[in-house]
Amino acid sequence: MKNLPSAARKNKIRERFSSHPGVSISELAREFDVSEMTIRRDLTSLEKETHIQRTHGGAVLTERMILEFDYRDRRELNREHKRAIAEEARKLVAPGDRLILDTGTTTLELATLLRDGVNLTVITPSLAVASELQHAPGVEVILLGGTIRRGSPDLTGPATEHCLELFSADIAFQGADGIGADGKIYNSDLRLARVDKLMRKVAKRSCILADHTKVGQTALACSGTLADVDTFITTKGIPADTLRRFAKLCPQIITVSSPTS
């Protein structure tokens, strides 16, 4: 990669570290066709921004950047499905609504579509959702308190649950790490499962946002079943017999097509 501007080169270096934890200065110099002195300046700049930590002869990503890349990868997974689901969920939101958005990456996609909302209130334990909406003129954001969950920009724990009990909402939008063939809703973290269950309790309506690849999957904790929610929005690909079984549990199931379907 020759003749890259400094900013572009540093971005490529960060990406290089995400897939190769330890890379030497000499390797980077050859890869970008620049001098080792230039690479050292780039690394010094990245270290000042706390993106990397220098080592003897090279550098490694800081924990902060490792987490950022991990979350980015999760957000990009099946993103076309998540966007299609979010677009359908946006139709359920009316001006003046009070919404709860959980910590899922599909609900984060919905948050991006709410930036033009009118007189909305969004209650969330997600730092990512709060960041997405903080400058939206028609949206008041209430960030719940709690403990930051290691590895994710999420707040959880007893403080989060206590804060949730102070509110009442029109709709709770939630993701899921898995939905069993029997309709059980799963989360990979017990604390998040507890928070999701409470969200449904304080909201008048609840909506699960999960693409078809989550169906048939299980995880550590069960937060309830599709019988506990009002709407399930998913993508095409769920077997017909499973959908019929789900229809006996959930009052409304909306199946959307993603751009690649």
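The values are calculated or read from the model by the stated rules, or taken from the named source; none is laboratory data. All of these numbers come straight from a predicted model, not from anything done at the bench. Cβ atoms come from the backbone with ideal geometry, glycine included; neighbour counts cover every protein chain shown.
How many of the residues making up the stretch 222-251 are crowded, with 16+ Cβ neighbours inside 10 Å and in a loop (DSSP other than H, G, I, E, B)?
Adding up the residues that qualify gives 5.
In the same structural domain as residue 229 (by TED's automatic domain parsing), in contact with a helix residue (DSSP H, G or I) (Cβ under 8 Å, 6 or more places away or on another chain) and either surrounded by fewer than 16 Cβ atoms within 10 Å (Cβ to Cβ) or part of a loop (DSSP other than H, G, I, E, B) (or both): which single residue out of 131, 152 fits that description?
On the way: 131 fails: in contact with a helix residue (DSSP H, G or I) (Cβ under 8 Å, 6 or more places away or on another chain).
So the residue among 131, 152 that is in the same structural domain as residue 229 (by TED's automatic domain parsing), in contact with a helix residue (DSSP H, G or I) (Cβ under 8 Å, 6 or more places away or on another chain) and either surrounded by fewer than 16 Cβ atoms within 10 Å (Cβ to Cβ) or part of a loop (DSSP other than H, G, I, E, B) (or both) is 152.
Residues that are at positive phi, touching a helix residue (DSSP H, G or I) at 6+ places or on another chain (Cβ under 7 Å) and not hydrophobic (A, V, I, L, M, F, W, C): does the stretch 227-234 have at least one? Talk me through it step by step, then tell me what you get.
At the first step, the residues of the stretch 227-234 found to be at positive phi are none.
No, there is no match, as no residue in the stretch 227-234 is at positive phi, touching a helix residue (DSSP H, G or I) at 6+ places or on another chain (Cβ under 7 Å) and not hydrophobic (A, V, I, L, M, F, W, C).
Please verify whether the stretch 183-190 includes one or more residues that are at pLDDT below 95, farther than 21 Å from residue 98 by Cβ and surrounded by fewer than 18 Cβ atoms within 10 Å (Cβ to Cβ). Give the derivation first.
So the first thing to find is which residues in the stretch 183-190 are at pLDDT below 95, and the list is 187-190.
The next check asks that each one be farther than 21 Å from residue 98 by Cβ; those that pass are 187-190.
Narrowing further to those that are surrounded by fewer than 18 Cβ atoms within 10 Å (Cβ to Cβ): 188, 190.
Yes; the residues of the stretch 183-190 include at least one that is at pLDDT below 95, farther than 21 Å from residue 98 by Cβ and surrounded by fewer than 18 Cβ atoms within 10 Å (Cβ to Cβ).
Answer with yes or no whether residue 196 is out of contact with any strand residue (DSSP E or B) (no Cβ under 6 Å at 6 or more places or on another chain) and touching a residue at least 24 places away in the same chain (Cβ under 8 Å).
Values: out of contact with any strand residue (DSSP E or B) (no Cβ under 6 Å at 6 or more places or on another chain): no; touching a residue at least 24 places away in the same chain (Cβ under 8 Å): yes.
Here the answer is no, as residue 196 does not meet what is asked.
Please go through the stretch 123-180 and give me each residue that is of a type in the set (A, V, I, L, M, F, W, C) and either in contact with an Asp or Glu (Cβ under 6 Å, 6 or more places away or on another chain) or under 23 Å from residue 81 (Cα atoms) (or both), ordered by number. It would help to see each step written out before you state the result.
Within the stretch 123-180, the first condition is being of a type in the set (A, V, I, L, M, F, W, C), and the residues that meet it are 123, 127-130, 133, 136, 139, 141-144, 148, 155, 159, 163-164, 166-167, 169, 171-173, 176, 179.
Passing the criteria: 127, 128, 129, 130, 133, 171, 172, 173, 176, 179.
If you go through the stretch 169-179 one residue at a time, do you hit one that is at pLDDT 90 or above, in the same structural domain as residue 84 (by TED's automatic domain parsing) and over 20 Å from the mean Cα position of the chain (by Cα)?
Filtering the stretch 169-179 for residues at pLDDT 90 or above gives 169-179.
Checking the rest, the ones that are also in the same structural domain as residue 84 (by TED's automatic domain parsing) come to 169-179.
Subset that is over 20 Å from the mean Cα position of the chain (by Cα): 169-170.
Within the stretch 169-179, one or more residues are at pLDDT 90 or above, in the same structural domain as residue 84 (by TED's automatic domain parsing) and over 20 Å from the mean Cα position of the chain (by Cα).
Scanning the stretch 192-221 for residues that are more than 19 Å from the chain's Cα centre (by Cα) and of a type in the set (A, V, I, L, M, F, W, C), which turns out surrounded by the most Cβ atoms within 10 Å (Cβ to Cβ)?
My answer is 203.
List the helices (runs of 4 or more DSSP H) inside the stretch 25-119, counting only whole elements, that have at least 3 residues being over 15 Å from residue 207 (Cα atoms), modelled with pLDDT under 90 and not small (Gly, Ala, Ser). Please lay out each step first, then the result.
Working: elements: 25-32, 36-48, 63-76, 79-90, 105-113.
Helices (runs of 4 or more DSSP H) meeting the threshold: 25-32, 36-48, 63-76, 79-90.
For the stretch 155-167, which positions are within 15 Å of residue 192 (Cβ to Cβ) and either outside any helix (DSSP H, G or I) or of a type in the set (Ser, Thr, Tyr) (or both)?
Taking the stretch 155-167 as the starting set, the residues that turn out to be within 15 Å of residue 192 (Cβ to Cβ) are 155-161, 163-164.
Scanning the stretch 155-167 gives 155, 156, 157, 160.
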